Amino acid sequence: MKKNIKSIASYFSKKYNTNNPFDIADALKIEYLIGPLGKCSGCYMYIKRHRCIFLNDTLSYNELKYVMAHELGHAILHTHINCYFIKNKTLFSTSRIEREANIFATELLIPDSVIYENEGFTDKQIARLLGYNETILKFKQFGNPLQ
């Protein structure tokens, strides 16, 4: 069965009345720490039945928010799989789980309403408006999340 990631992201956004991945992680009791991780932007680990997210302290605010949303996607979609976010590899990865986490992050942070409110804007303009890399918009899925 194919996961409808758009509706999963929408569900959590509506349930907790936010699209802030940090607030959702807090509500789900997913632990996260921000600190030095070298070249890794972030990682998700399932340790002794605890979901844990680690984020690199060198990221800008918007990068931190996107990586957190990506790792939150792993925590929700791939609970028992440990995953690492390496910026120059993960956004271009063809791995199913990395693609799913990118879709989750994009759908959580960029709801359809933002796209419709800025009709006629290019992907680059929308990304700049929101402070994200335009590459993430390739993960945007349109259509009814309840389908």
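Can you tell me which residue among Asn17, Asn4 is open to solvent by less than 80 Å² (accessible area, probe 1.4 Å) and polar (S, T, N, Q)?
Values: Asn17 fails: open to solvent by less than 80 Å² (accessible area, probe 1.4 Å).
Exactly one of Asn17, Asn4 is open to solvent by less than 80 Å² (accessible area, probe 1.4 Å) and polar (S, T, N, Q), namely Asn4.
Residues that are under 14 Å from the mean Cα position of the chain (by Cα): which strands (runs of 3 or more DSSP E) entirely in the range 1-77 hold 2 or more of them? Steps first, answer last, please.
Working: elements: 31-35, 42-47, 50-56.
In the range 1-77, the matching strands (runs of 3 or more DSSP E) lie at 42-47, 50-56.
With at pLDDT 95 or above and touching a Leu at 6+ places or on another chain (Cβ under 8 Å) as the only criterion, which of Leu130, Leu72 stands out?
Values: Leu130 fails: at pLDDT 95 or above.
Only one candidate qualifies: Leu72.
Hey, Glu63 hits all of (1) modelled with pLDDT of 90 or more; (2) surrounded by 20 or more Cβ atoms within 10 Å (Cβ to Cβ) but one; which does it fall short on?
(2)
Among what's in the range 78-98 and is outside any helix (DSSP H, G or I) and open to solvent by less than 20 Å² (accessible area, probe 1.4 Å), pick the residue that is modelled with the highest pLDDT. Give the steps one after another, and end with the answer.
At the first step, the residues of the range 78-98 found to be outside any helix (DSSP H, G or I) are 78-86, 91-95.
Narrowing further to those that are open to solvent by less than 20 Å² (accessible area, probe 1.4 Å): 78, 83, 85, 91.
Details: His78: 91, Cys83: 71, Phe85: 63, Leu91: 56.
Across the range 78-98, the extreme among qualifying residues is His78.
I'd like the full set of residues that are open to solvent by less than 70 Å² (accessible area, probe 1.4 Å) and either small (Gly, Ala, Ser) or within 15 Å of His70 (Cα to Cα) (or both), limited to the range 29-45.
Initial filter on the range 29-45 (open to solvent by less than 70 Å² (accessible area, probe 1.4 Å)): 30, 32, 35, 37-38, 40-45.
Across the range 29-45, the qualifying residues are Ile30, Tyr32, Gly35, Gly38, Cys40, Ser41, Gly42, Cys43, Tyr44, Met45.
The values are calculated or read from the model by the stated rules, or taken from the named source; none is laboratory data. This structure is a prediction, so every number in the text was calculated from the model and none was measured. Positions of Cβ are generated from backbone atoms using ideal geometry, with glycine treated the same way; all protein chains shown enter the neighbour counts. Ligands, DNA and RNA are stripped out before the accessible areas are found, and what is left, the full protein with its side chains, is counted by its heavy atoms. Shrake-Rupley method; radii C 1.70, N 1.55, O 1.52, S 1.80 Å.
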